[in-house]
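Trainee: Could you have a look at this structure, given as structure tokens, before my questions?
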There are 2 protein chains.
Amino acid sequence: MRLSRYFLPILKETPKEAEIVSHRLMLRAGMVRQQSAGIYSWLPLGHKVLRKIERIVEEEQARAGAIQMLMPTIQSADLWRESGRYDAYGKEMLRITDRHERDMLYGPTNEEMITEIFRSYVRSYKDLPLNLYHIQWKFRDEVRPRFGVMRGREFLMKDAYSFDLDQDKAVESYNKMFVAYLRTYKRMGLTAIPMRAETGPIGGDLSHEFIVLADTGESEVYCHADYLTKPVPGADVDFDSDLSGIVKDWTSHYAATEDVVDKAAFEAEVPEEKRIVARGIEVGQTFYFGTKYSEPLGAKVATSEGTEVPVHMGSYGVGVSRLLGALIEANHDDDGIIWPKSVAPFHVGLINMRPGDDLTDPACEDLYAKLEAAGIEVLYDDTDNRAGAKFATMDLIGLPYQVVAGPRGLKEGQLEVKNRATGEKEMLTPEATLNKLVAALTD
Amino acid sequence: MRLSRYFLPILKETPKEAEIVSHRLMLRAGMVRQQSAGIYSWLPLGHKVLRKIERIVEEEQARAGAIQMLMPTIQSADLWRESGRYDAYGKEMLRITDRHERDMLYGPTNEEMITEIFRSYVRSYKDLPLNLYHIQWKFRDEVRPRFGVMRGREFLMKDAYSFDLDQDKAVESYNKMFVAYLRTYKRMGLTAIPMRAETGPIGGDLSHEFIVLADTGESEVYCHADYLTKPVPGADVDFDSDLSGIVKDWTSHYAATEDVVDKAAFEAEVPEEKRIVARGIEVGQTFYFGTKYSEPLGAKVATSEGTEVPVHMGSYGVGVSRLLGALIEANHDDDGIIWPKSVAPFHVGLINMRPGDDLTDPACEDLYAKLEAAGIEVLYDDTDNRAGAKFATMDLIGLPYQVVAGPRGLKEGQLEVKNRATGEKEMLTPEATLNKLVAALTD
């Protein structure tokens, strides 16, 4: 993409309303624009990252056997009356009356609707297990939206719903999502720690929050330091095999949020030098809730003996839009964002120091074409902006590599290649530049 | 995808509420489920087609230089008060009051919001031309939603917005979208004819509706038969070149919807044997509307002389979700849907006639693995369903090719390969089957 044809509205001033670094950087880097309190437009650079996060989530959901579909944003209130949540949900639910005076709502989550879909089509244990998911915009009318996309009102969530014949089978489905989540966050360059979570009024259920450590996290967390170095299952993990060993390993040490922490247990279980007390950002949650929705909504299946039983369900959320905030909280320095390769909006920023020059123009065009042909996404700064502004913009938007093509360097036949994360710079021939970037950026 | 692990809820009965064939087939094939009047869930098969349509739209928008972003579904009423449309829009606008009693709405379109974004960042003619688009759910509270996804309330639309310094430049942007639309529909296997459209109260403006001919179309259309055979620009079309010749060619013959038709002109301009009077489905619209929104909203840019002028705008819509209906209206027979290759949810339906059999199982597994490795998407029916039901399902869901692996054929070392569109069947060795499908289905 040529910057001269792109839409990258960089802000020079740090917006006053932004309280945390990810919000400041997303606004300054022209990634999002607030349209109303807690409601954002995703400008082209932000949209590209959002899509890359979605792709990783989709790939790992598919690997774990979940099937993608899409439910609408607007739901009928009647469904929520069946589950009893219409009155219970409170003011966070955005309630709507349509032109025929029917009560509707903007879905804050989809347990009711997916259960309605299940009960409409599925009758037999033979059709289980089933795991259906979608990635759709949700709305929660937070009383005080803040922290940019981290706590917005309109937000993008992946929510999956599993259906099983009994609790044992449901735990197998739970384990698949648990392992998929470990892989999903790892692929984005994040270490997400599964922590014991509140399961609500239904006792005995199973739930974990996946938490990324960050100074600006919304809650305090208590965990064992070994979680930070524990290896995550590779792409060859067999989701048809017994995954309980992996889940056991990943839940063997203490890890809990402030809502549920038992400090005495934390200190008893974790040696002092391994104790981490830090702030954390929740980026996902897995939840087995049994027949909480299938009972009131009448979602039953026939067993092999012919009796009818309510189906056992779980739900599994990933905060797709909030992950942009979490990723930036975990990956930035004073100059701007430092994107992990897998979610970077472009891989390389190519700076032409003197557009119109006999040396820099052909060198840039040639490298641009060759990188794009190799499947590497390049943002090519072909503008007349000042050199200082060009460098600052590239540092701010945080692409993994920068290549600077200047007349002086090219007289010596060299380009400058900078690694954004380490700051390391080297002078390389155009051919060596191409080879280095292809090796570093393709799998 | 193994059918035993998929979610494909086929309906045996034809649903009574469906008035047109595309709606009936989408319900029967388990592609969509109505959740409320005019509001649908996209079940896995329907969701796959929706995504393929989106990809084609995105690729052709990018080719034409439009830049993708994403605006939210919920908008502030204040913006619409600035343009004067808040009161003018009527009951089709879904109006919402949030917990702080602020007037909000579910966006039926985005002219106001994109103009607000433009005016917030762009100041100079140097940043033009600019064309920003998104693919987002919209809501129009139709008094009587009908025809399934063809006239739903919550629907997916691609809307692009161009910004130019003056009318001449705006027409260049218009022409790019016009050509992109010809290519977009053609890639889906549709012949969409650009027809003169109503431009509303502002005279002298430029607008075309892109119409697909179908017996169940919502309006009557009048056009020259040559449009049905006119070649569409290829992938090598240069969007930086002057496209006015292509647009002139594609608007040289008479073509108008019933809203604007001048029957005398139609008969004068079109020889009798070339006159087509038929029903049509609108699948897109291009619209140049000048400064209609930039004036009231104050979206101005500085010219090269330093004066400030309101920017000239156009908007360009593609009905992404309604295209599924239009595609099925144009591609079906008595047995079901016949998907064009480019938008088919899977390319091949592979039927194992006797799961558990020593011949059919390894033949199916081998072909399945090899087709998937070649990038061909296969729906592998590995279920115990009756043979008749398997055949009927495959015909109903309309994948371009079916492969039947039966014990008798395999004793002779042969599979049956059926072309869904032509009905042609042939017996081929597994190797010849693979070669045939790879040749037919990869580019």
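The values are calculated or read from the model by the stated rules, or taken from the named source; none is laboratory data. All values reported here derive from a predicted model rather than from experimental measurement. Positions of Cβ are backbone-derived with ideal geometry, glycine not excepted, and every protein chain shown enters the neighbour counts. Areas reflect the complete protein model, heavy atoms only, side chains present, ligands, DNA and RNA absent. Shrake-Rupley method; radii C 1.70, N 1.55, O 1.52, S 1.80 Å.
Trainee: Just for helices (runs of 4 or more DSSP H) wholly inside the range B:324-443: which have at least 1 residues that are among the acidic types (Asp, Glu) and surrounded by fewer than 15 Cβ atoms within 10 Å (Cβ to Cβ)?
Mentor: Correct list: B:360-373, B:430-441.
Trainee: Need a quick list: helices (runs of 4 or more DSSP H) entirely within the range B:63-170 having at least 3 residues that are in contact with a strand residue (DSSP E or B) (Cβ under 8 Å, 6 or more places away or on another chain).
Mentor: B:77-83, B:111-121
Trainee: Could you list, in sequence order, all residues of the range A:1-25 that are within 25 Å of B:Thr73 (Cβ to Cβ), more than 13 Å from every other protein chain (Cβ to nearest Cβ), surrounded by fewer than 21 Cβ atoms within 10 Å (Cβ to Cβ) and in contact with a helix residue (DSSP H, G or I) (Cβ under 6 Å, 6 or more places away or on another chain)?
Mentor: Within the range A:1-25, A:Ala18 is the sole residue that qualifies.
Trainee: If I go through the range A:71-109 residue by residue, how many of them are in contact with a Phe, Trp or Tyr (Cβ under 9 Å, 6 or more places away or on another chain), under 18 Å from B:Ala37 (Cα atoms) and not hydrophobic (A, V, I, L, M, F, W, C)?
Mentor: 8
Trainee: Could we say that A:Met71 is among the aliphatic types (A, V, I, L, M) and facing chain B (nearest Cβ under 8 Å) here?
Mentor: Numbers: among the aliphatic types (A, V, I, L, M): yes; facing chain B (nearest Cβ under 8 Å): yes.
Yes; evaluated as a whole, the condition is true for this residue.
Trainee: When residues of the range B:351-366 are filtered for being in contact (Cβ under 8 Å) with a residue 12 or more places away in the chain and within 23 Å of B:Ala439 (Cα to Cα), how many remain?
Mentor: Number satisfying all stated conditions: 5.
Trainee: Restricting to the range B:53-68, count the residues that are surrounded by fewer than 20 Cβ atoms within 10 Å (Cβ to Cβ) and more than 8 Å from chain A (Cβ to nearest Cβ).
Mentor: Count: 6.
Trainee: For A:Val221, indicate whether it is hydrophobic (A, V, I, L, M, F, W, C), part of a loop (DSSP other than H, G, I, E, B) and open to solvent by less than 50 Å² (accessible area, probe 1.4 Å).
Mentor: Judged against the criteria, A:Val221 is not a match.
Trainee: Moving on to the next point. Would you call A:Phe178 of a type outside the set (Val, Ile, Thr) and either open to solvent by 10 Å² or more (accessible area, probe 1.4 Å) or within 21 Å of B:Thr73 (Cα to Cα) (or both)?
Mentor: No; evaluated as a whole, the condition is false for this residue.
Trainee: When both residues are 6+ apart or on different chains and their Cβ atoms are under 9 Å apart, which pairs have a first residue that lies in the range A:367-392 and is among the polar types (S, T, N, Q), and a second that is in a strand (DSSP E or B)?
Mentor: If the second residue must be in a strand (DSSP E or B), the pairs left are A:Thr383/A:Arg2; A:Thr383/A:Asn352.
Trainee: Kindly provide the set of residues from the range A:135-154 that are within 10 Å of another protein chain (Cβ to nearest Cβ) and in contact with a helix residue (DSSP H, G or I) (Cβ under 8 Å, 6 or more places away or on another chain), ordered by number.
Mentor: The answer is A:Asp141, A:Glu142, A:Val143, A:Gly152.
Trainee: Where in the range A:224-311 are the helices (runs of 4 or more DSSP H), entirely inside, with at least 1 residues that are exposed (fewer than 12 other Cβ atoms within 10 Å of the Cβ)?
Mentor: A:244-250, A:263-269
Trainee: While we're looking at this one, here's another question. Can you tell me which residue among B:Glu220, B:Glu172, B:Glu209 is within 23 Å of B:Ser294 (Cβ to Cβ), touching a residue at least 60 places away in the same chain (Cβ under 8 Å) and of a type in the set (Asp, Glu)?
Mentor: Checking each option against the conditions leaves just B:Glu172.
Trainee: Where residues in the range A:26-41 are in contact with a strand residue (DSSP E or B) (Cβ under 6 Å, 6 or more places away or on another chain) and open to solvent by 10 Å² or more (accessible area, probe 1.4 Å), which of them is farthest from the other protein chains (Cβ to nearest Cβ)? Spell out the reasoning first.
Mentor: Filtering the range A:26-41 for residues in contact with a strand residue (DSSP E or B) (Cβ under 6 Å, 6 or more places away or on another chain) gives A:26, A:32-36, A:39-41.
Filter once more, so that each one left must be open to solvent by 10 Å² or more (accessible area, probe 1.4 Å): A:33-36, A:40.
Details: A:Arg33: 6, A:Gln34: 10, A:Gln35: 6, A:Ser36: 5, A:Tyr40: 6 Å.
Here the answer is A:Gln34.
Trainee: Something else: Would it be correct to say that B:Asp87 is away from chain A (no Cβ under 11 Å) and surrounded by fewer than 18 Cβ atoms within 10 Å (Cβ to Cβ)?
Mentor: When the stated conditions are applied, B:Asp87 passes them.
Trainee: Would you pick out the residues in the range A:6-36 that are small (Gly, Ala, Ser) and at pLDDT below 95?
Mentor: Once the filter is applied, which keeps residues that are small (Gly, Ala, Ser) and at pLDDT below 95, the range A:6-36 yields only A:Ala18.
Trainee: Scan the range A:337-354 and tell me whether some residue there is β-branched (Val, Ile, Thr), within 30 Å of A:Leu206 (Cα to Cα) and within 14 Å of the chain's Cα centre (by Cα).
Mentor: no
Trainee: Test each condition in (1) in contact with a Leu (Cβ under 7 Å, 6 or more places away or on another chain); (2) more than 7 Å from chain B (Cβ to nearest Cβ) for A:Asp98 and report the one that comes out false.
Mentor: So A:Asp98 meets the others, but not (2).
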